Amino acid sequence: MDGLFIRSIEENIPLEMIYLAENQELSQRTLIVREVTEEYIRAYCLLRKQIRTFKRENILSILPESRTKHRYLH
């Protein structure tokens, strides 16, 4: 997971994340990581259009953004 975070920081690569929020609801976010600590990541959330902080323990899945879903829409 750290490799993806570092790549996102260095290359501004968007990541798709499934996250368990504090209220126990699942959310899917597309984000660009800005900072990583042992407990949190700070990232620009493309949904909210602002920097957000996410607990690493609540990240259920994280992958590079799927560009193919956009490619076939045109």
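Selection of first residues in the stretch 56-68 that are under 9 Å from ILE18 (Cβ atoms) and of second residues that are of a type outside the set (Gly, Ala, Ser) and modelled with pLDDT under 90, restricted to Cβ pairs under 8 Å at least 6 apart or on distinct chains, gives the following pairs, ordered by first then second residue: ILE59/MET1; ILE62/MET1.
Taking the stretch 49-60, which residues are outside any helix (DSSP H, G or I) and either among the polar types (S, T, N, Q) or within 12 Å of the chain's Cα centre (by Cα) (or both)? If the condition is that a residue be outside any helix (DSSP H, G or I) and either among the polar types (S, T, N, Q) or within 12 Å of the chain's Cα centre (by Cα) (or both), then GLN50, ILE51, ARG52, THR53, PHE54, LYS55, ILE59, LEU60 are the ones that fit.
The one condition from (1) free of Cβ contacts under 8 Å to residues at least 40 places away in the same chain; (2) surrounded by 12 or more Cβ atoms within 10 Å (Cβ to Cβ); (3) touching a strand residue (DSSP E or B) at 6+ places or on another chain (Cβ under 6 Å) that LEU47 does not meet is (2).
Number of residues in the stretch 9-38 that are more than 9 Å from the chain's Cα centre (by Cα) and either surrounded by 11 or more Cβ atoms within 10 Å (Cβ to Cβ) or within 16 Å of LEU60 (Cβ to Cβ) (or both): the value is 14. If you go through the stretch 3-26 and pick out every residue that is over 16 Å from ARG52 (Cα atoms) and among the β-branched types (Val, Ile, Thr), you end up with 2. One residue alone among THR68, THR30, THR53 is at pLDDT below 95 and among the β-branched types (Val, Ile, Thr), and that residue is THR68. Restricting GLU35, GLU11 to those that are out of contact with any strand residue (DSSP E or B) (no Cβ under 6 Å at 6 or more places or on another chain) and without any contact (Cβ under 8 Å) to a residue 60 or more places away in the chain reduces the list to GLU11.
The values are calculated or read from the model by the stated rules, or taken from the named source; none is laboratory data. What you see is a predicted model; the values in this text were computed from it and never measured. Neighbour counts run over all protein chains shown; Cβ positions are idealised from the backbone, glycine included.
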